[in-house]
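A.B. asks: Here's a structure for you.
The values are calculated or read from the model by the stated rules, or taken from the named source; none is laboratory data. All values reported here derive from a predicted model rather than from experimental measurement. Cβ placement follows ideal geometry from the backbone for every residue including glycine, while neighbour counts extend to all protein chains displayed.
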Amino acid sequence: MAIPPLLAQTVQKTQEWLKELSDNGELSDTQESLAVLRSVLHHLRDRLTLEEAVDLGTQLPTLLRGVYYEGWQPRKPTTRIRSRQKFVNEVAAKNFPNAVPSERAIRDVFALLAHHCDPGEISDVIGQLPSELKELWPKTAQTFRERTS
């Protein structure tokens with residue numbers, strides 16, 4: 001049985017994203033990359049407004065979109081991010097590979113998103129975060145709105 005082209009395309013795109021994260025983050029394999037990506041995406045998603053979380057989800061490859069929405073409770077109130085360290089600790093505490101430095105992994109996931117998603121959308125996401133967390137994004141993503149105004 002042949003895989004429909006749409007599914008083959010999303011599998012390929014997902015593999016590309018995971019390999020890029022694995023290579024850039026010096027992760028052991030794509031399974032570790034998926035665990036890191038899932039943890040960071042879930043914690044980021046749960047701190048965005050409903051509208052912004054959905055907007056970010058539309059930027060992801062179909063397969064990763066399923067990972068992103070896995071376990072999501074949109075009616076649950078948005079969790080405020082109090083500090084960079086608290087966010088880093090929370091990401092590391094949930095389904096995160098022990099050997100992976102969590103702050104670096106978060107930076108790597110944010111760089112992956114900035115590389116593959118619409119810069120305006122990423123700028124909107126960054127705009128909802130406290131300044132301590134904005135610093136974890138690549139500089140070009142942080143300054144996109146300033147440079148395009």
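A.B. asks: Go through region 3-27 and give me each residue that's over 15 Å from the mean Cα position of the chain (by Cα) and not in a helix (DSSP H, G or I).
C.D. replies: Residues satisfying the conditions are 3, 4, 26, 27.
A.B. asks: Can you confirm whether region 32-52 contains a residue that is small (Gly, Ala, Ser) and buried (at least 21 other Cβ atoms within 10 Å of the Cβ)?
C.D. replies: yes
A.B. asks: Let me ask something additional. Checking the structure you have, find out if any residue of region 70-82 is in a helix (DSSP H, G or I) and under 16 Å from residue 52 (Cβ atoms).
C.D. replies: The answer is no, given that none of the residues of region 70-82 is in a helix (DSSP H, G or I) and under 16 Å from residue 52 (Cβ atoms).
A.B. asks: Among the residues of region 113-138, which ones are part of a helix (DSSP H, G or I) and either modelled with pLDDT under 95 or not aliphatic (A, V, I, L, M) (or both)?
C.D. replies: 115, 116, 119, 120, 121, 123, 124, 127, 131, 132, 133, 134
A.B. asks: A follow-up question, please. Search region 83-98 for residues being touching a residue at least 24 places away in the same chain (Cβ under 8 Å) and part of a loop (DSSP other than H, G, I, E, B), and hand back the single one that is farthest from the chain's Cα centre (by Cα).
C.D. replies: That would be 83.
A.B. asks: Turning to a different aspect of this structure: Considering every residue within region 44-57, establish whether at least one is touching a Cys at 6+ places or on another chain (Cβ under 9 Å) and either closer than 20 Å to residue 133 by Cα or assigned to a loop (DSSP other than H, G, I, E, B) (or both).
C.D. replies: yes
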